[in-house]
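For reference, the structure discussed in these notes is given below.
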Amino acid sequence: MAISVNKKQVVENEETVKKNNGLYKLKKFFSFKIGIIPLGIYIPLLLVVIALLAEGKYPKDMLGAGAIMILYGFTCSEIGQRIPILKDIGGKVIFATFLPSYMVYAHLIPTQAVESVKFFMKSTNFLYVFIACIVVGSICSMNRQVLIKAFAKMFVPLVSGAVCASLVGVGVGTLLGIGAYKTYFFIVVPIMAGGVGEGALPLSMGYAALLGQGQEGLFGQILPVVMLGSLTAIILSGLLKHLGDKKPQFSGNGSLLKSGEDDEIIKLAKQKRELKIDIGQMTKAGILALVLYLVGVYVNDAIGLPAPIVMLLAAVLSKMLGIIPKDIEEGGYAVFKFTVTAITVPLLLGVGVAMTPWQRLVAVITNPAYLITIFCTVLTVVVVGFFVGKWMNMNPIEAAMVTACNSGQGGTGDVAILTAGNRLELMPFAQVSTRLGGAATVTFALALMRFLI
């Protein structure tokens, strides 16, 4: 017994000596992480970026932009994760997206760095690469029966949320003196139009043709509302995550459907935890994502259907028919996890720098009537999604997040909203909510405006 105690004491003494050792302390310091980056990598990256910017030799290519997006992105998200209260309502996403937007406006990011990121984001279509990996990866790793049931059910809370939000938004805007017509066409519809490229842009073009006004001016009115609606959805998604943590009976931990006693979702989650990363399988799944995206581009060129929707439908159909091999399904989960872990935060930084003009955001923030109307509209979408989803035997937290994506800034909004809620596996459903919901909203709004004028 005495020998055992002595051995334990010797081990403890060795640990104490080790911890007091300077080399140990240095290693511990450099292993501290900013986001996912240890200081041993973060500090050299920071120093070399500063040196290149100071000499005016910063590369305007993918590697240069990637370094800026990683450095600033993980720094901003780390700040958001450490602020009390804010960290529980999507602070990580808000800071990774909107803080860089302000920093560009205030010239706190060097011009070379901003130009590098903007060039990369606008010339590479990197956002669609991200969405392709997330959509294909998450669909491949889903249970086939759950996927079929979920797509059949999700339209009920989606449509219910859109209808109720339109009524509430118009009612609130009218009471605040904005007027029913202006509220519906310039606040409610832009919020649920499906983002910028697929929503605000065609909407402003349609309005310009019908009203005989300049498209650029109308786009300038619509864009801030889209961004504020997306920010509200991000905050509400963060609150939903917090609610799910406190009340687990409302959460499916990323699964849209409740599956009863034969819990297919739990079985799948267990299989995922036991899954080992296979680079070959991961590569196959990545190639499948590339193929489906190019199919989407081809169909878009032929008949005008948005490429992300074609890609989504092709992936869902392949999964439902059971024609995706098991090794690609397993590789799809690995692609999904890598994309979520390594790419999401840098992408959000790119969105904030290249696609979120701070001046236009502030123009709406300073108008209380607009702010209240936007908040009430998005809140209604989320609340209706929660309760209708619960009634449809869906997990209400996940149902509410999917419907919230109908108020997002397109694909970028989907990424931000689901990241704030820690539910990126819901991306396929979010894409349906954003793309199809947005297209239906824009079509109906233009038809209604044509009838009224």
Q | Considering residues of segment 102-133 that are touching a Phe, Trp or Tyr at 6+ places or on another chain (Cβ under 6 Å) and more than 20 Å from Val49 (Cα to Cα) only, the residue least open to solvent (accessible area, probe 1.4 Å) | A | Ala132
Q: Only one of these is of a type in the set (Lys, Arg), closer than 30 Å to Ser251 by Cα and under 21 Å from the mean Cα position of the chain (by Cα): Lys337, Lys319, Lys326, Lys390. Name it.
A: Lys337
Q. In segment 382-417, what count of residues is obtained for those that are under 17 Å from Val156 (Cβ atoms) and not β-branched (Val, Ile, Thr)?
A. 18
Q) Is it the case that segment 73-81 has a residue that's open to solvent by 60 Å² or more (accessible area, probe 1.4 Å) and part of a helix (DSSP H, G or I)? A) yes
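Conditions (1) modelled with pLDDT of 85 or more; (2) in contact with an Asp or Glu (Cβ under 6 Å, 6 or more places away or on another chain), marked per residue:
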| site | (1), (2) |
| --- | --- |
| Val351 | no, no |
| Val364 | no, no |
| Leu371 | yes, no |
| Gly408 | no, yes |
Q) Give me the pairs: first residue in segment 272-294 and within 13 Å of Cys140 (Cα to Cα), second residue among the polar types (S, T, N, Q) and at pLDDT below 85, beta-carbon distance under 7 Å, and six or more apart or on different chains, which are they? A) Lys272/Ser141
Q: Specify which of the listed residues (Lys246, Lys284) is among the charged types (D, E, K, R), open to solvent by 70 Å² or more (accessible area, probe 1.4 Å), touching an Asp or Glu at 6+ places or on another chain (Cβ under 9 Å) and at pLDDT 70 or above.
A: Lys284
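For every residue, the table says whether it meets (1) surrounded by 23 or more Cβ atoms within 10 Å (Cβ to Cβ); (2) under 26 Å from Val402 (Cα atoms); (3) touching a residue at least 60 places away in the same chain (Cβ under 8 Å); (4) hydrophobic (A, V, I, L, M, F, W, C).
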| position | (1), (2), (3), (4) |
| --- | --- |
| Leu86 | no, yes, no, yes |
| Val93 | yes, yes, yes, yes |
| Ile139 | yes, yes, yes, yes |
| Arg144 | no, yes, yes, no |
| Phe151 | no, yes, yes, yes |
| Leu158 | yes, yes, yes, yes |
| Cys164 | no, yes, yes, yes |
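Residues are listed down the side, and each one gets a yes or a no for (1) charged (D, E, K, R); (2) surrounded by fewer than 22 Cβ atoms within 10 Å (Cβ to Cβ); (3) touching a Gly at 6+ places or on another chain (Cβ under 8 Å):
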site: Leu379; (1), (2), (3): no, yes, no
site: Ile397; (1), (2), (3): no, no, yes
site: Ala404; (1), (2), (3): no, no, yes
site: Ile417; (1), (2), (3): no, no, yes
site: Arg423; (1), (2), (3): yes, no, yes
Q: Scan segment 305-330 for residues that are part of a loop (DSSP other than H, G, I, E, B) and either open to solvent by less than 50 Å² (accessible area, probe 1.4 Å) or closer than 16 Å to Cys140 by Cβ (or both) and report the count.
A: 6
Q. When segment 425-446 is examined, which residues are found to be open to solvent by 60 Å² or more (accessible area, probe 1.4 Å) and more than 28 Å from Ile397 (Cα to Cα)?
A. Thr443, Phe444
(Q) Can you tell me which residue is modelled with the highest pLDDT among those in segment 51-67 that are part of a helix (DSSP H, G or I) and exposed (fewer than 13 other Cβ atoms within 10 Å of the Cβ)? (A) Ala51
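The values are calculated or read from the model by the stated rules, or taken from the named source; none is laboratory data. Please read these numbers as outputs of a predicted model, since none were measured by experiment. Because the Cβ atoms are built from the backbone with ideal geometry, glycine has one as well, and the counts that use them run over all protein chains shown. These area figures cover heavy atoms from the full protein model, side chains too; ligands, DNA and RNA do not enter into them. Shrake-Rupley method; radii C 1.70, N 1.55, O 1.52, S 1.80 Å.
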